Every structure is written in structure tokens, then in C-alpha cells.
Amino acid sequence: MNFVAAFTLFTLLGSVFQEKGQPQENPQFTGWKDCKVGSWMKWTMEADIEGQKMQMEETVTLLEVTAEKIVIEHKGKATAGGKEYPSERKEDILPKTDILSKYEKTGEETIEVAGRKLACQVYLAKMKPSAAGGSVNDIKFWISKEIPGSVARMEVTADKDKKPMTATTVGWEKK
């Protein structure tokens, strides 16, 4: 799975995920459920994917919150090979998911995010091969409940490319 798809799926993870064979609490849902409509977060990413430099930025805004689903809107752009690729889409997030085979807390760390020091919980995750398009992705998250969606920083490493791709939150407003 490429980084854009991985990040879109996991930008907003934020709670403990137990390993089982059936759908579990969706950390992405948990990361947004206590925010009010209009809350937003913005992230940036730079990567070198198979020798090609890529930059991305995206703003994710909360549009709807119910017990049955959360709706967020992604607006952003990726720049690669001197070309810009805008993107915009809405995403429904359900309370349960089954696309992770592992999601566990590994510790705590204070990191700088958007010029602020944030105490974060650190999680490691692994996508199920079917959700990752056949490859297995290792994902490391720094989680802070101060940020809508909860993800302060994320590193994704795909099986075929052992160099992690890093995304960092650069701004947010929690309503």
C-alpha cells in the first residue's frame, strides 16, 4: 500500500486496539468522537519513494459526529516529479474496524508539534496484508488527545521499502 493510502486510513488513530479475529474499536473513530464539528488538523509529509521525492499536505475537518459514524473531509495536495496533485474527499469512519492485525502501546514520549511540546503515547501498529494491498505496513504513532484525530506524528514502513515515511501534524483547532 502506498503512503497516501496508508496515511488516509490511519491519520486519525487514537485509542487502544486489541488483536482479535473480529472487528474491534476503531482508533480513528475514538480520535474524533469527542471533538465538535468544525474541528480540524493539518499534517505534512516528505518522503523518498523508490527514488522519487514527494511532499504532501492535507487538512482534515470534522463534518459530522454520531454514535453510528463520523464524517471527515480531506483536502490537500501531493507534489511529486514537479507536478501537483490536488485531492479532496469525504470519509465515513465507523466505530469498529478490522484492518489492523496489531495495535499496542509501547511507551510515552514528549515531542514538539507545531512549536508546542506535547506529551504523547506511542503505539505500534501493523496492517493486515489484505488491507495493505498485499504488503504489510508497520506504523508508529505518537498520540495526543489535544489534537483532533489524536495523531501528532506517524512513521510508516512498508515491507518492500524499509525507509520510513514520516508525517507530522503542523496545526489544529479542537472545538
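A short reminder: the numbers here are calculations on the coordinates, not readings from a lab. The structure displayed is predicted, hence computed values, not measured ones. Note that we place each Cβ from the backbone using ideal geometry, even for glycine, and neighbour counts take in every protein chain shown.
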For the stretch 24-71, take the alpha-carbon Rg, divide it by the Kirkwood Rh, and send me Rg/Rh.
1.15
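Give me Rg over Rh for the stretch 49-114, both radii from the alpha carbons and Rh done the Kirkwood way, two decimal places. Could the numbers behind the result be given before it?
Details: Rg = 16.4 Å, Rh = 15.4 Å.
So for the stretch 49-114, dividing Rg by the Kirkwood Rh gives 1.07.
How much length is gained if the chain between residue 83 and residue 66 is pulled fully straight, taking 0.36 nm per residue apart and subtracting their Cα-Cα distance, in nm to one decimal?
Numbers: separation 17, 0.36 × 17 = 6.12 nm, distance 3.82 nm.
That pair, residue 83 and residue 66, stretches by 2.3 nm at full extension.
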Would you list 91, 58 from fewest to most Cβ contacts within 10 Å?
91, 58
Using 0.36 nm per residue of separation minus the Cα-Cα distance, give me the extension gain between residue 126 and residue 36 in nm, one decimal.
29.5 nm
What ranking of 122, 60 emerges when the number of other C-beta atoms within 10 Å of each C-beta is taken as an exposure proxy, fewest first?
122, 60
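Is there a pair in 96/175; 105/174; 69/163; 83/117; 69/102; 36/163 whose C-alpha atoms are over 32 Å apart, and which pairs would that be?
Details: 96/175 24 Å; 105/174 24 Å; 69/163 34 Å; 83/117 34 Å; 69/102 23 Å; 36/163 36 Å.
Violating the 32 Å Cα-Cα cut-off are 69/163; 83/117; 36/163.
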Can you list the residues, at least 5 places off or on another chain, whose amide H is less than 5 Å from the amide H of residue 113, using H built in the peptide plane?
118
Could you give the length gained on full extension between residue 106 and residue 175, defined as 0.36 nm per residue of separation minus the Cα-Cα distance, in nm?
21.9 nm
